[in-house]
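Read through the structure below, which is laid out as structure tokens, and then see the notes.
The values are calculated or read from the model by the stated rules, or taken from the named source; none is laboratory data. Fair warning: this is a prediction, and the values are worked out from it, not measured in the lab. Backbone-built Cβ (ideal geometry, glycine too); neighbour counts: all protein chains shown. These accessible areas exclude ligands, DNA and RNA; they are computed on the full protein's heavy atoms, side chains included. Shrake-Rupley method; radii C 1.70, N 1.55, O 1.52, S 1.80 Å.
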Amino acid sequence: MFSDPDREHLDDVSKHGGRVRSFRHERGNWASFVYVAFHPREEFLEMLEELESVARKHGVVLTKMEDFHISLSQTVVLRHHWINPFVQALRDRLCSVRRFLCVADQLKVYVNNEKTRTFLGLEVVTGQQQLQEVVSEVDKSLQEFNLETFYQNPSFHVSLFWCVGEVTNSLLGDCLLELQKVVDEFEDSDVLTRFYADEISCKCGNKVMSIPLC
Ligand code: AMP
């Protein structure tokens, strides 16, 4: 798909973990975002199964994310000929950043800007400062290309599940307490929820470009 920028790309929500385009797709425009990838262990996925069944017990049917990451930008639209210069700008700004530890173990409910999707995520409790430093550099690159910057007060997190609609109220309260208990009491959860951010990735359409940290 990437090699043929003019090909019509249909927006299929099921193919991108509930992310909804808030812009009309046009030929040569690529939905892009910057993130730190999280590659979970098998046991982490088992913990997600438990979370899913607790949420279901509380009447919320969640869909597991297809991949896991910490977003460092919103989804922005890049023209095809901007992709390489944008990634190069990111590379120039990020190549001297050191790798750092992230711990994400606090469940939190998020809603997208359009209030059409609810996400259950694990908020980062260790590594926020370094993530903010990376976001400052990413924001500078976005500004160079006249693109929207990230949230002023970001809550860095790894989304685990999503569902259609604004269902915050059903997930908060007793449900969230019970879900957090699953995380806290899951065997080796302290190990499962910590990982190193050793590269920053930029996804443009289906193509992923990674910038290693030092
Ligand atoms: P993500 O999995 O990173 O796409 O995040 C899921 C949703 O959380 C996105 O649609 C974001 O718009 C939303 N969100 C809501 N509030 C925040 C916040 N303070 N920081 C980061 N993301 C947020």
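Would you mind checking the tilt of helix 174-185 against the longest principal axis of the Cα atoms of the chain, expressed as 0 to 90 degrees and rounded to 10?
Its long axis makes an angle of about 90 degrees.
Which of rounded, prolate or oblate describes the stretch 73-126 when judged by the alpha-carbon gyration tensor and an a/c cut-off of 1.5?
Values: a/c = 5.32, a/b = 1.31, b/c = 4.07.
Oblate is the answer for the stretch 73-126, as a/c is 1.5 or above yet b/c matches or exceeds a/b.
Calculate how steeply helix 83-94 sits against the longest principal axis of the alpha-carbon atoms of the chain, using the helix alpha-carbon long axis, and give the answer as 0 to 90 degrees to the nearest 10.
The angle comes out near 70 degrees.
I need the fraction of alpha carbon pairs in the stretch 35-149 separated by more than 22 Å, rounded to a whole percent.
When every Cα pair of the stretch 35-149 is considered, 46 percent fall beyond 22 Å.
Over the chain, what is the relative contact order in whole percent, taking alpha-carbon pairs under 8 Å and six or more residues apart?
On the way: 376 pairs, mean separation 66.6, N = 214.
Rounded, it is 31 percent for the chain.
Sort 165-178, 121-134, 94-107 by the packing proxy (mean of other Cβ within 10 Å over each peptide's residues), most packed first.
Values: 165-178: 14.3, 121-134: 17.8, 94-107: 16.3.
Ranked from most to least packed, the peptides come out as 121-134, 94-107, 165-178.
How much accessible area per residue does the chain have, counting only protein heavy atoms and a probe of 1.4 Å, in square angstrom?
Working: 11200 Å² over 214 residues.
Here the residues of the chain average 52 Å² of exposed surface.
Determine the distance separating the Cα centre of the stretch 145-214 from the Cα centre of the stretch 74-130; give it in Å without decimals.
The stretch 145-214 and the stretch 74-130 have Cα centres separated by 9 Å.
Given a 1.4 angstrom probe, I'd like the percentage of the accessible area of the chain that is carbon and sulfur, rounded to a whole number.
Result for the chain: 46 percent of the exposed heavy-atom area is carbon or sulfur.
Do the sum for the chain: with -39,500 (n - 2.57) for every DSSP H run of n ≥ 4, divided by all residues, what is the mean residue ellipticity at 222 nm, to the nearest 500 deg cm²/dmol? Don't skip to the end; give the middle numbers.
On the way: 6 runs with 65 residues, N = 214.
It lands at -9000 deg cm²/dmol.
Sorted by mean Cβ packing within 10 Å, highest first, what order do the peptides 143-154, 65-76, 202-213 take? Walk me through the numbers before you get to the answer.
Values: 143-154: 12.3, 65-76: 19.8, 202-213: 16.9.
Final packing ranking: 65-76, 202-213, 143-154.
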